[in-house]
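Data block below; observations after.
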Amino acid sequence: MPDKILDDISHRRYNPLTASWLLVSPHRTKRPWQGQQEAAVEAKLPEYDPKCYLCPGNTRASGDSNPSYEKTFAFVNDYSAVKEQQPDYEPEPSSNDLSSLLLQAKSVKGVCYVMTFSPKHHLTLADMPAADILPCIDHWTRIYANHLSASNPLTEAASRLSLSVARDQAPIPRDEYRYMQIFENKGAAMGCSNPHPHCQVPARARRAPPPRRLRPAGAREGGAHRLAERRLPRRLPLVGRLAV
Ligand SMILES: [Zn+2]
């Protein structure tokens, strides 16, 4: 337990994941607050919503229909943040063209999946019994395994996995990607567009910034808390982390 004095004094705290320090000012929460306040959300959701694009059997924006799934369901996001098919764009900035130094951009290809945790519209992971959460973990693992390249040291281990989700029951990529992140964007205030329990699984050809920040701490800890990144060859076929 942290010392009680930390409730009252300004101090800095160590973040072992990024090997950095963060300023904490707990006494600031005692100031008069006249800013924005959010009311508690106590919506009573139905078990099935005919207008929900994630409920079993419903039609999505793309026109595709969801199967009558009983546990989990994964599909390519109809509004993916990154796309598999698009033109390449990778201009080299030049000191002869100042505008190319101010606006530097490179295209990023990838694929984004949505995975539901349950066919029931009104549940969250916290509401589900452990037996119903296991298929979610199996599905995450299978999606990740399906995206490992043949040269990745994890591929051999993945071939021996015993999961409730078969290889062809999880998405299989058309291309090879280097980075995958599994996360849940939960709650309306966080920008979640649908209360049906689900997560996002983007796989990209380029690494995203957060894991790069985690790298110093990961190296110091031997990489044991991450997914084999440290043991892979210099040119990584695929790396990732699990952050749900
Ligand atoms: Zn739903």
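Annotations
- Number of residues in segment 1-24 that are loosely packed, with under 10 Cβ neighbours inside 10 Å and in a loop (DSSP other than H, G, I, E, B) equals 3.
- Residue 110 more than 24 Å from the chain's Cα centre (by Cα), more than 23 Å from residue 164 (Cβ to Cβ) and at pLDDT below 95: no
- Qualifying residue in segment 144-158 (condition: closer than 25 Å to residue 58 by Cα, in contact (Cβ under 8 Å) with a residue 40 or more places away in the chain and either in contact with a Ser or Thr (Cβ under 6 Å, 6 or more places away or on another chain) or surrounded by 14 or more Cβ atoms within 10 Å (Cβ to Cβ) (or both)): no
- Apart from one condition, residue 87 fits all of (1) within 30 Å of residue 110 (Cβ to Cβ); (2) within 16 Å of the ligand (Cβ to nearest atom); the exception is (2).
- Yes/no for residue 92 being more than 29 Å from residue 141 (Cβ to Cβ), touching a helix residue (DSSP H, G or I) at 6+ places or on another chain (Cβ under 9 Å), assigned to a loop (DSSP other than H, G, I, E, B) and free of Cβ contacts under 8 Å to residues at least 60 places away in the same chain: yes
- Residue count for segment 13-43, restricted to those that are within 16 Å of the ligand (Cβ to nearest atom) and free of Cβ contacts under 8 Å to residues at least 40 places away in the same chain: 0
- Conditions (1) within 17 Å of the chain's Cα centre (by Cα); (2) away from the ligand (no atom under 15 Å from the Cβ): number failed by residue 117: (2)
- Failed item in (1) in a loop (DSSP other than H, G, I, E, B); (2) under 24 Å from residue 175 (Cβ atoms), with residue 75 passing the rest: (1)
The values are calculated or read from the model by the stated rules, or taken from the named source; none is laboratory data. Everything numeric in this text was worked out from a predicted model, so none of it was measured. We place every Cβ from the backbone using ideal geometry, glycine too, and count neighbours over all the protein chains shown.
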